[in-house]
Amino acid sequence: MSSKVNSALFDLIKSMSKSEKRYFKLMSSRHTIGGENNYVRLFDYLDKQTEYDEQEIFTTFKNEAFINRFSITKKRLYDHILAALDSFHSSSSVEAQLHKQLHASDILFEKSLYDQCRRVLHSAEKVAKKNDLSAILLMISYKKKRLSETMGHLKVTDK
């Protein structure tokens with residue numbers, strides 16, 4: 001396996017700011033029952049390394065169950081860090097806020113909460129227009145069309 005793939009998690013951790021790392025640890029601590037969180041332990045260990053050394057990791061954590069499927073552990077930790085970073089930066093830009101609203105509208109649509117979905121899309125549309133974000137306006141337009149079609153089908157009766 002290439003060293004680029006092996007060090008991707010290490011590189012991601014090293015690229016994080018102090019506040020991003022703190023936020024990740026806070027998010028991770030919410031998902032811990034009892035003792036220490038293995039993700040946080042591995043995260044801290046990688047953060048302390050000056051160069052990525054996988055053999056050193058295997059030596060340090062040799063008696064830990066997560067080391068038996070280390071590639072899966074690394075992938076899950078990587079995804080967990082990205083989710084924390086996404087949450088951390090979710091209000092950093094108008095685009096990020098709009099994508100969050102679009103995702104919320106999808107959830108509401110799937111739950112058949114069409115009126116709430118319509119309100120979220122209307123709010124997102126106003127922000128997108130104000131900021132001249134035509135690509136996002138296209139997505140909103142598509143979602144509004146889908147919503148209108150669904151709501152129209154609901155009004156059809158057997159008569």
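Rounded to the nearest whole Hz, the Karplus-based 3J(HN,Hα) values (6.51 cos²θ - 1.76 cosθ + 1.60, θ = phi - 60°) of region 138-147 follow the sequence 5, 5, 4, 4, 4, 5, 5, 5, 4, 5, with x at glycine and proline. Taking the three principal axes of the alpha carbon atoms in the chain, the coordinate ranges are 72, 39, 33 Å, sorted in descending order.
Keeping every protein chain present and rolling a 1.4 Å probe, give me the accessible area per residue for the chain in Å². Let's see the in-between values first.
On the way: 10910 Å² over 159 residues.
Accessible area per residue, the chain: 69 Å².
Here region 1-129 exposes an accessible surface that is 51 percent carbon and sulfur, computed with a 1.4 Å probe and the other protein chains kept in place.
For the chain, the longest principal axis of the Cα atoms and the long axis of helix 94-110 meet at an angle of about 70 degrees. Rg/Rh, computed from the Cα trace of region 80-140 with Rh as the Kirkwood radius, has the value 1.01.
Which residue fluctuates the most in the chain, going by a Gaussian network model with Cα springs under 10 Å, if the choices are 128, 96, 65? Of 128, 96, 65, the Gaussian network model singles out 65 as fluctuating most.
Using R₀ = 35 Å, calculate the FRET efficiency as 1/(1 + (r/R₀)^6) where r is the Cβ-Cβ separation of residue 47 and residue 99; round to 0.05. Step by step, r from the Cβ atoms, then E = 0.75. In order along region 64-80, the phi-based Karplus estimate (6.51 cos²θ - 1.76 cosθ + 1.60, θ = phi - 60°) of 3J(HN,Hα) comes to 8, 5, 5, 6, 5, 10, 5, 5, 5, 4, 4, 5, 5, 5, 4, 5, 5 Hz; Gly and Pro are listed as x. Remark: for residue pairs 111/144; 75/143; 48/75; 14/75; 100/126, the C-alpha separation exceeds 24 Å in 75/143.
Mind running the shape call on region 12-61? Use the C-alpha gyration tensor, a ≥ b ≥ c as the square roots of the eigenvalues: rounded below 1.5 for a/c, prolate if a/b tops b/c, oblate otherwise.
On the way: a/c = 3.53, a/b = 1.23, b/c = 2.88.
It comes out oblate by the Cα gyration axes.
Normalising the average separation of contacting C-alpha pairs (under 8 angstrom, six or more residues apart) by the number of residues puts the relative contact order of region 20-158 at 16 percent.
Using the Cβ-Cβ distance between residue 107 and residue 68 with R0 = 35 Å, the FRET efficiency computed as 1/(1 + (r/R0)^6) comes to roughly 0.45.
The values are calculated or read from the model by the stated rules, or taken from the named source; none is laboratory data. Here the structure is a predicted model, which means the values were calculated and not measured. Backbone-built Cβ (ideal geometry, glycine too); neighbour counts: all protein chains shown. Accessible surface areas use protein heavy atoms only, side chains included; no ligands, DNA or RNA. Shrake-Rupley method; radii C 1.70, N 1.55, O 1.52, S 1.80 Å.
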